[in-house]
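Structure first, then comments.
The values are calculated or read from the model by the stated rules, or taken from the named source; none is laboratory data. Fair warning: this is a prediction, and the values are worked out from it, not measured in the lab. Quick reminder, even Gly has a Cβ in these numbers, built from the backbone with ideal geometry, and neighbours come from all protein chains shown. What goes into the accessible areas is simple: the full protein's heavy atoms, side chains included, and nothing from ligands, DNA or RNA. Shrake-Rupley method; radii C 1.70, N 1.55, O 1.52, S 1.80 Å.
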Amino acid sequence: MNAIIMLPTYNEKENIAEIVQSVLSQGENVSVIVVDDDSPDGTGRIADQLALEYPSRVDVMHRTGVRGRASAGIAGFKRALELGFDCVIEMDADFSHDPKEIPKLLKLAEKYDVVVGSRYVPGGTYVGCKPVHMMLSRISNFYNRLVLGLNVRDTSGGFKCYRRKVLESIDLDHIVSWGYSIGPELLYKITRKGFSIVESPIVFVNRRKGKSKASMKVVFEYPLSVLKIRLKSD
Ligand SMILES: Nc1nc2c(ncn2[C@@H]2O[C@H](COP(=O)(O)OP(=O)(O)O)[C@@H](O)[C@H]2O)c(=O)[nH]1
Ligand SMILES: [Mg+2]
């Protein structure tokens, strides 16, 4: 199966070149799409150089005048479908998600419609994260499962593989989320459509370079956004 790895980026100049190269080294069947929201630090320009270096394997989307983890992801999914890939993997561009897991996710995608990289199944864990972040993650996972009725342990992570038919079945023009709640929103929609989902353990490593874009604002917005998914999503 051929796969495209979708990397949303905002100010990832310290990580972008290394992560793209690391992803490409996971197999000839793997390509990359970078979705950059006009990063002031020049991430988009570095991505363009990578696209020149690997013309058949790296694609870059530059979004201007808009920002957001959710809409960047949606734009990347749409482009990936246009390009005709069998599977789309979304992952963070800061090495919190290990590119070496990609072959494992793709192997599982032969059997399951969605593969969730999971910190909360046996073998999954965190490295180098602050206790307060781990606690917030656990609380949000509990909350997402309760409010959205999800039968997935890790509902908030951003390392997942979708078969193309899954993304094709979702109305990507009517997504309620703006930010990080895109993860639970898609899982909610996917669960309701009856697709098969499996969790594969991952070790989530705190970013070593660059800064997180998650602010305190997220802590307040996220629960409301999840509630909105429950109330407004079809
Ligand atoms: N295109 C785009 N990517 C974003 C945006 N916000 C975050 N990201 C990317 O999404 C991924 C996860 O964000 P990160 O800041 O690491 O959040 P954290 O892991 O929750 O601390 C990284 O690859 C970011 O560069 C955004 O507004 N637009
Ligand atoms: Mg991160």
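Here are some notes:
- Farthest towards the positive end of the charge dipole of the chain, among the residues Ser39, Tyr222, Val23, is the Cα of Tyr222, using unit charges on the Cβ of Lys, Arg, Asp and Glu.
- Per residue, the stretch 3-232 exposes 47 Å² of solvent-accessible protein surface, assessed with a 1.4 angstrom probe and all protein chains in place.
- On full extension, the segment bounded by Arg57 and Lys107 gains 16.0 nm, given 0.36 nm per residue less the C-alpha separation.
- Cα-based reach from Lys232 at 19 Å (exclusive), listing lysines while leaving out same-chain residues under 8 positions away: Lys189, Lys193
- For the peptides 116-127, 214-225, residues were scored by their other Cβ atoms within 10 Å and the scores averaged per peptide; the highest-first order is 116-127, 214-225.
- Note on Leu81 and Lys100: the model spin-label points, each 7 Å out from Cα along the C-beta direction, lie 3.5 nm apart.
- Relative contact order of the stretch 73-153, defined on C-alpha pairs under 8 angstrom at six or more residues apart (%): 16
- Helical content alone sets the calculated 222 nm signal of the chain at -12500 deg cm²/dmol, taking -39,500 (n - 2.57) per DSSP H segment of four or more residues and averaging over every residue.
- For the chain, a simple Cβ point-charge model (Lys and Arg +1, Asp and Glu -1, everything else neutral) yields a dipole of about 840 debye relative to the Cα centre.
- Dividing the Cα radius of gyration of the stretch 3-232 by 2.2 N^0.38 Å, with N the residue count, gives 0.94.
- Pairwise Cα distances in the stretch 86-158 exceed 16 Å for 56 percent of all pairs.
- Calculated P(r) tail over 15 Å for the stretch 136-217, as whole % of Cα pairs: 63
- The chain: relative contact order in percent, alpha carbon pairs under 8 Å with at least 6 residues between: 24
- Peptides 178-185, 101-108, ordered by how many other C-beta atoms sit within 10 Å of their residues on average, highest first, read 178-185, 101-108.
- Solvent-accessible area of the stretch 3-232 (1.4 angstrom probe, protein heavy atoms only): carbon and sulfur portion equals 56 percent.
- Computed E for Met134/Ser196 - FRET, C-beta separation, R0 25 angstrom, nearest 0.05: 0.30
- Summary value for the stretch 7-71: 37 percent relative contact order, contacts being C-alpha pairs under 8 angstrom separated by 6+ residues.
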